[in-house]
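Below is one structure; the comments refer to it alone.
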Amino acid sequence: MTELKGKHVAAMFVSGFAIIISVNLTLAWNAVQTFPGLEVKNSYVASQSFDADRTAQLALGWDVRAYLRGDQLVLEIAKDGAPVSPEIVSAIFSRATSVSVDQTPEFTFDGTTFTAPVVAGTGNWNLRLVARAADGTLFRQRIIVADAK
């Protein structure tokens, strides 16, 4: 059996910290590479109208949900059970943690729901929606897209 000397302990110490540092750098790199970006450019400015915007959006009384039906993204917007067809200002269909597979669905309204073809696999998908009501109120929401109905 070999005698444990100072150089062996130093090598174990350096190796252990090298592993820890390399794992931390790898995780930090992956976190930065998959960060989807900022929601707003200046959070202070956005906070100044947050309460008024939220109150106006809640006053619309919309019930919004999205789900996948095969290769179609279905978006239902209703008020008191009746379908609503606002102007879709923007919509981004994406993973929760990565922008690499973001899609901009082109919705069509069939009288009850909005549908758009998308390419989606299993897992967590979100729809970041901005819609404009008939009275001009902007509706902004991140909707978790449910699995097939």
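Some points to look at:
- Among the residues of segment 53-72, at least one is free of Cβ contacts under 8 Å to residues at least 40 places away in the same chain and hydroxyl-bearing (Ser, Thr, Tyr).
- Only one of the numbered conditions (1) modelled with pLDDT under 95; (2) under 17 Å from the mean Cα position of the chain (by Cα) is not met by Ser85, and that is (2).
- The residues in segment 113-128 that are exposed (fewer than 12 other Cβ atoms within 10 Å of the Cβ) and either more than 14 Å from the chain's Cα centre (by Cα) or among the aromatic types (Phe, Trp, Tyr) (or both) can be counted, and the count is 3.
- Within segment 2-52, restricting attention to residues that are assigned to a loop (DSSP other than H, G, I, E, B) and basic (Lys, Arg), the residue that is least open to solvent (accessible area, probe 1.4 Å) is Lys5.
- Qualifying position, being farther than 20 Å from Asp63 by Cβ and among the aliphatic types (A, V, I, L, M), among Ala146, Ala96, Ala116, Ala82: Ala96
- Strands (runs of 3 or more DSSP E) fully within segment 53-124 that include at least 3 residues being among the charged types (D, E, K, R): 62-69.
- Every residue from segment 65-82 that is within 17 Å of the chain's Cα centre (by Cα) and aliphatic (A, V, I, L, M): Ala66, Leu68, Leu73, Val74, Leu75
The values are calculated or read from the model by the stated rules, or taken from the named source; none is laboratory data. From a predicted model like this one, the values you see are computed outputs, not experimental measurements. Ideal geometry is used to build each Cβ from the backbone, glycine not excepted, and the neighbour counts take in all protein chains shown. The protein model used for the area step is the full one, side chains on, heavy atoms only, and it has no ligands, DNA or RNA in it. Shrake-Rupley method; radii C 1.70, N 1.55, O 1.52, S 1.80 Å.
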